[in-house]
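Coordinate-derived values only; no laboratory data. Just so it is clear, the structure is predicted and the values come from calculations on it, not from any experiment. Backbone-built Cβ (ideal geometry, glycine too); neighbour counts: all protein chains shown.
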Amino acid sequence: MPIVLDLVKVVNVYQQFVFPRLLDVAMQGELFSRYRRSLLADVSGDVLEIGFGTGLNLAHYPEAVQRIVTVDPNAGMNGLAQKRIEASGVTVDQRLLSGEALPMADQSFDSVVSTWTLCSIPKVEQALGEIQRVLRPGGRFFFIEHGLAADNPGLQRWQNRVNPIQNVLGDGCNLNRDMASLVRAVFPDTHVDQFYMERLPKFAGYMYRGIATK
Ligand SMILES: C[S@@+](CC[C@H](N)C(=O)[O-])C[C@H]1O[C@@H](n2cnc3c(N)ncnc32)[C@H](O)[C@@H]1O
């Protein structure tokens, strides 16, 4: 029993302390910033960001966006985001909760944003249903996500093999989700670009970038 408790403690320290710092370093920098900027350029109105992480999108919202609501279940991520929230001119209503069960009212947002988050949400279909529910008619879901390499069955086999390891090291991250099909199942009106992001290993670098309209 003590060994099990120790293991739980180690996992908690990794999730809440180590992983947020690793991610913060890995996902900042000009390459990721460029993709963040271009995705967020058309975000407008009342905005909800799912999987806020360490706040790396904040600097890239258009100036007209002065307030956002965010959700993320990892307190370690939320803590690291504080410095970016203070440095930005954006008011952030930061909620410590999961995307699968949003307490927000139906049709309360014009834009929902997710960047490299759908890979980590355990019940991703449920979270997409929640995103659809809280968007106003005509509202848009902006996303960039890594996932299943749609053009390469050989690589898909590797993604499936490596996925259990990625799940542990990446705090629930999955390499093998077909993001286009997942999003289209909830938002038939979805435009998606699929491509390999430069400088990333191919098994983690196949991207789905798109806008879904309710
Ligand atoms: C790879 S990080 C990306 C963080 C941020 N979106 C970015 O672009 O830097 C994935 C994020 O999803 C969050 N996450 C995990 N499970 C979640 C869930 N059920 N609902 C919402 N966010 C979740 C994690 O805590 C983490 O902050």
Which of Val183, Val124 comes first, and how do the rest follow, when ranked by fewest Cβ neighbours within 10 Å? Val124, Val183
List residues of the range 126-145, by number, whose backbone nitrogen lies under 20 Å from a label position 7 Å along Cα→C-beta of Ala59. 144
Arrange the following residues from fewest to most other Cβ atoms within 10 Å of their Cβ: Leu39, Leu31. Leu31, Leu39
Applying the gyration tensor rule to the Cα atoms of the range 41-131 (axes a ≥ b ≥ c; rounded if a/c under 1.5, else prolate if a/b exceeds b/c, else oblate), the class is oblate
So, R0 is 35 Å and r is the distance between the beta-carbons of Glu86 and Tyr14; what FRET efficiency does that work out to, to 0.05? 0.85
Quick one: His60, His146, fewest Cβ neighbours within 10 Å first, how do they rank? His60, His146
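Given Cβ point charges of +1 (Lys, Arg) and -1 (Asp, Glu) and nothing else, what value in debye, to the nearest 20, does the dipole of the chain about its Cα centre take? Don't jump to the answer; show the numbers that get you there.
On the way: 21 positive and 22 negative charges, 72 e Å.
The calculation lands at about 340 debye.
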Gaussian network model of the chain, Cα within-10 Å springs - most flexible of Ala101, Ala150, Ala180: Ala101
Which listed residue (Gln28, Ile211, Thr54) has the Cα farthest towards the positive end of the charge dipole for the chain, taking +1 on Lys and Arg C-beta and -1 on Asp and Glu C-beta about the Cα centre? Gln28
Specify which residue in the list Pro122, Val71, Phe195 is farthest towards the positive end of the charge dipole of the chain, using unit charges on the beta carbon of Lys, Arg (+1) and Asp, Glu (-1), about the Cα centre. Phe195
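Taking the Cα centre of the range 1-107 as origin and charging only Cβ (+1 Lys, Arg; -1 Asp, Glu), how large is the dipole, in debye to the nearest 20? Let's see the in-between values first.
Values: 9 positive and 12 negative charges, 70 e Å.
So the magnitude is around 340 debye.
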Mind checking which of Ala59, Ala87, Ala127 has the largest fluctuation in a GNM of the chain, springs on alpha carbons under 10 Å? Ala87
Virtual paramagnetic centre 7 Å along Cα→Cβ of Gln107, amide N under 13 Å, in the range 135-154: 135-139
Pull out a ≥ b ≥ c, the square roots of the eigenvalues of the alpha-carbon gyration tensor of the range 2-53, then state rounded if a/c is under 1.5, prolate if not and a/b is larger than b/c, and oblate in the remaining case. oblate
